[in-house]
Amino acid sequence: MDQKISLDLCGKVFTVDKNILLGSDLFKTMFEDCADSNPQTLFKTMFEDCADSNATVGSAQGALATTGSSIEINRSAHIFEHVLAYLIDPTYPYPKKYVNELKYYLVPYTLSKLHDPSEKLFKIIDTIDTDIKDLTSKIDEIDSYTGKLMDKLKDIEYELEQIKKHTDTDEQKCCHDNCRDNALRSVACEDHLNKCSHEGHNDYTGQYGVCYEHCEANEKYCDDHRNEH
């Protein structure tokens, strides 16, 4: 049957199997150096503060003492919970910031395997930073393509303006020869609107001139002359 050891850390008592405590070289040395089989009287010799990992057995003025049925240890009970969990399960994510307690209890450890939440945060930050750089690069590419596209659109707009100017110039003048007034409805000016613009000999008068007969809106010629053009 496993022996139980009671540890009193600043008023909080932990009852732990002796075999679990053997994972700590501090406790292991204590057990090996004491011939008394009663686990509650093992610590007749006191030990100095073992904050340094190279600490050795010292005088009776140390941080460990026996008081009644418990072993009194003047260390943090909160941090000891992590130490105990690490002794029970070496894969436990022991906080790197409490590494000095592992040194105190002489618990073997690998520093790079201890848990450090900030390292994960830094990795996330690095990933975000890389993503931002990639996104910035893509935005720059989009800006470049957008600039080229805008330049092309400006060229197209200019060409359309030129075409429109030529079209407006052709359509805005009156359809009657020798009249340079602006046309209404893209056919004739106000004076010549709805008047045939056909030029030739008049069948009735025999004279050469413009017909001026009535024609439909937006038409240049009357019914008699429409088919001649």
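In region 8-27, what residues are touching a residue at least 60 places away in the same chain (Cβ under 8 Å) and closer than 19 Å to D89 by Cα? Matches in region 8-27: F14, V16, I20, L21, G23, S24, D25, L26, F27.
Is it fair to say T167 is among the hydroxyl-bearing types (S, T, Y), modelled with pLDDT under 75 and part of a helix (DSSP H, G or I)? Yes.
Checking L121, L106, L102 one by one, the residue that is surrounded by 11 or more Cβ atoms within 10 Å (Cβ to Cβ) and either on the phi > 0 side of the Ramachandran plot or under 18 Å from the mean Cα position of the chain (by Cα) (or both) is L106 and no other.
The values are calculated or read from the model by the stated rules, or taken from the named source; none is laboratory data. Since we're looking at a predicted model, the values are computed, not measured. FYI the Cβ positions are ideal-geometry reconstructions off the backbone, even for glycines, and counts take in every protein chain you see.
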